[in-house]
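> Dropping the structure in here first, questions after.
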Amino acid sequence: MDINIAAVKAEVEAVFEEYETALVTNDVAALDRLFLDAPTTIRYGGGENLYGYDEIAAFRSARDSGNLERSLARTVITTYGTDFATASTLFYRDTSPGKVGRQMQTWIRTDGGWRVVAAHVSVIDAPA
């Protein structure tokens, strides 16, 4: 299996950036589009465990849209072959001093483009 084929990695980096922009601007339609519409799609968040696209979409539409700005660090995108990738990043928010967020996503290529099939978001105390 080829890891980090340049063209595939560029595709995932672009869709990851699209996701990040949608996240901080609360573009719910784009966020919904970027998750695979399937009962097997999972998102574990800071205070919720969401099973299936419907639960994820309901969470997105009800979420507070304030204070979403954040900065990213140590983002690592790795592709495996041409249809599977992971994205991992740390994030920081001015509204949460002393905390660091962690985000991981599993992406697959579908006929409609790249989609998240699993995601995990958590926040911990920033290391000393």
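The values are calculated or read from the model by the stated rules, or taken from the named source; none is laboratory data. Treat the numbers as computed from the prediction; the structure is a model and nothing was measured. Cβ: placed from backbone, ideal geometry, glycine included. Neighbour counts: every protein chain shown.
> What are the pairs, 6+ residues apart or on separate chains, where a residue within the stretch 13-28 that is free of Cβ contacts under 8 Å to residues at least 60 places away in the same chain has its Cβ under 8 Å from a residue that is outside any helix (DSSP H, G or I) and of a type outside the set (D, E, K, R)?
As it stands, the answer is E20/L72; L23/L68; V24/L68; T25/L68; N26/S65; N26/L68, since those pairs meet every condition given.
> In addition: Can you give me the number of residues within the stretch 81-111 that are of a type in the set (V, I, T) and either exposed (fewer than 15 other Cβ atoms within 10 Å of the Cβ) or in contact (Cβ under 8 Å) with a residue 24 or more places away in the chain (or both)?
Applying the first criterion (of a type in the set (V, I, T)) to the stretch 81-111 yields 82, 86, 89, 95, 100, 106, 108, 110.
In the following step, the residues that additionally are either exposed (fewer than 15 other Cβ atoms within 10 Å of the Cβ) or in contact (Cβ under 8 Å) with a residue 24 or more places away in the chain (or both) were identified as 82, 95, 100, 108, 110.
The total comes to 5.
> Also, I was wondering about something else. Read through the list (1) loosely packed, with under 14 Cβ neighbours inside 10 Å; (2) more than 16 Å from Q105 (Cβ to Cβ); (3) in contact (Cβ under 8 Å) with a residue 12 or more places away in the chain; (4) not β-branched (V, I, T), then give the number of the only condition that A58 fails.
Result: A58 fails condition (3) only.
> Go through the residues of the stretch 32-42 one by one and say whether even a single one is loosely packed, with under 12 Cβ neighbours inside 10 Å, among the acidic types (D, E) and modelled with pLDDT of 95 or more.
no
> Oh, and also: Going by the structure shown, is A119 surrounded by 12 or more Cβ atoms within 10 Å (Cβ to Cβ) and under 16 Å from the mean Cα position of the chain (by Cα)?
When the stated conditions are applied, A119 passes them.
Conditions (1) among the hydrophobic types (A, V, I, L, M, F, W, C); (2) more than 29 Å from A7 (Cβ to Cβ); (3) touching a Lys or Arg at 6+ places or on another chain (Cβ under 7 Å), marked per residue:
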residue: F35; (1), (2), (3): yes, no, yes
residue: I42; (1), (2), (3): yes, no, no
residue: L68; (1), (2), (3): yes, yes, no
residue: D83; (1), (2), (3): no, no, yes
residue: L90; (1), (2), (3): yes, no, yes
residue: P97; (1), (2), (3): no, yes, no
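> Need pairs with beta-carbon distance below 6 Å; first residue within 14 Å of T106 (Cα to Cα) and within the stretch 40-53, second surrounded by fewer than 16 Cβ atoms within 10 Å (Cβ to Cβ) and aromatic (F, W, Y); sequence gap 6+ or separate chains.
I42/Y51
> Of all residues being among the aliphatic types (A, V, I, L, M) and not in a strand (DSSP E or B) in the stretch 82-128, which is modelled with the highest pLDDT? Just the residue, please. Talk me through it step by step, then tell me what you get.
First pass over the stretch 82-128, keeping only residues among the aliphatic types (A, V, I, L, M): 85, 87, 90, 100, 104, 108, 116-119, 121, 123-124, 126, 128.
Next cut, not in a strand (DSSP E or B) only: 126, 128.
Numbers: A126: 94, A128: 81.
Going through the qualifying residues, I end up with A126.
> Go through the stretch 61-80 and count every residue that is of a type in the set (K, R) and surrounded by 13 or more Cβ atoms within 10 Å (Cβ to Cβ). Explain how you work it out, then say what you get.
Step one: list which residues in the stretch 61-80 are of a type in the set (K, R), which gives 63, 70, 74.
Filter again for surrounded by 13 or more Cβ atoms within 10 Å (Cβ to Cβ), leaving 63, 70.
Going through the stretch 61-80 one residue at a time, the tally reaches 2.
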